[in-house]
Amino acid sequence: MELSVDGLRVFAGTGGRPLAPDRPPVVLLHGAGMDHTVWVLQARFLAHHGFSVLAVDLPGHGRSAGAPLASIEAMADWAGRAIAAAGVEKAALVGHSLGAAVALTAAARQPDRVERIALLGASLAMPVHPDLLASADAGTMLAPALMTFWGLGRSAQIGGHPTPGLWLTGAARRLIEKGVGPALATDLRACADWKGGPEAAATVRCPTLVFAGAEDRMTPAAKAGEMAAAIAGAGLVTIPGSGHMMMLEAPDATVDALHGFLSGKG
C-alpha cells in the first residue's frame, strides 16, 4: 500500500492482507540500504496470524520517494509520522540493525505512538568500519560484498538457504546492492554517528525483546546482551547458527519468537 508522509509517497508491504482495525498493527523497519522485501516471510506470516502489517520503505529506499534521512533521530520521528499517516494510533515496532536503532529511538521519543519494540541485530552503538563507509560513499560494490561477508553466519556462507533452490548469500547481496548510492551511504553514516543508544535504552519503558544472532559479526551477541540489560524488563533471544541477517538465515525461528512476543506471550 501507499501512504503520504510529509507530502511524499511511502510504500509499505502489508503481507498480502489489508490493514484492519481488529488486528493490532506492527511496523517493520529495515536495515541500512535495504527495503521492505527483507521482511517478506515475516510480514506474510504475521499478516495471516492476527496482525496488521506495515513493512515500510524508509524515504529514498525501495519504492518510497524523497531523500534518505540523515540521522537515526530523524528516522525515528518520521516513523511516528508514518504510523499516524496509516491511521493508526499506536503500533509495535520491529527493527533490524539500523531499523532497530530507529525503533529504540522512536520508543524513547514518542512513547505514545509505540506499543512495544523488537530489536534484531541491535547494539547500543553501531560503529561502521572505515572501509565500508568509504566504499558506500564512493558507491562501489565493495560495500554489499563486505556487508554480506560480515553479516551472514557460517552456514549461509557456504550456500545454504531455508528455501530449496535459492542461494542465501547471493540473495542478500542483491538486496543490499539495490541500495548502493545515497541510501546506503546515508544510512551507514547515520549508524556511525548515532550516539543516543544508551540514553534511549534508559528511557524506554514499553515491552522489549532483543534478538541476537549467535554468529553475528556486525552486532555481536554480547552487544545485543548489553542492550537488553540496559532496557528495563527487556528480554533476550539468541538465534543459534544465525548471523546478522536472521530474518533471511533463520526465518522460522525469528518469526516464532516475534509472534510470541507480539502476542504478549514472551
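Values in this text are rule-based calculations from the coordinates and carry no lab data. Note that the structure is predicted; figures quoted are calculated from it, not measured. Don't worry about glycine lacking a Cβ; one is built from the backbone with ideal geometry, like all the others, and counts go over all protein chains shown.
A few comments on the model shown:
- Among F211, F45, a tally of other beta-carbon atoms within 10 Å of each Cβ gives an order, fewest to most, of F45, F211.
- The label point for A214 and the one for K90, both projected 7 Å from the Cα toward the Cβ, are 3.6 nm apart.
- Here's the list of aspartates and glutamates a cross-link from K90 could span, going by alpha-carbon distance under 15 Å and ignoring same-chain residues fewer than 8 apart: D22, D77, D112, E115.
- Length gained on full extension, R154 to R205: 14.8 nm, using 0.36 nm per residue less the C-alpha separation.
- Residues whose placed amide H lies under 5 Å from that of V114, excluding near-sequence neighbours: A91
- Dipole of the chain, positive direction: furthest Cα of A172, T14, A125, with charges on the beta-carbon: T14
- Both radii come from the Cα set of the range 8-117: Rg as radius of gyration, Rh as Kirkwood radius; their ratio Rg/Rh reads 0.92.
- Placing a label point 7 Å from the Cα of A74 along the Cα-to-Cβ direction, no residue of the range 89-113 has its backbone N under 12 Å from that point.
- Close amide H pairs (under 5 Å, H built 1.01 Å from N) link V5 with V10, residues at least 5 positions away or on another chain.
- Once the chain from D252 to T14 is taken as fully extended at 0.36 nm per residue, the excess over their C-alpha distance is 83.8 nm.
- For the range 30-89 versus the range 187-222, the gap between their alpha-carbon centres in whole angstrom: 18 Å
- Over the C-alpha atoms of the chain, the Rg to Rh ratio, Rh being the Kirkwood estimate, stands at 0.93.
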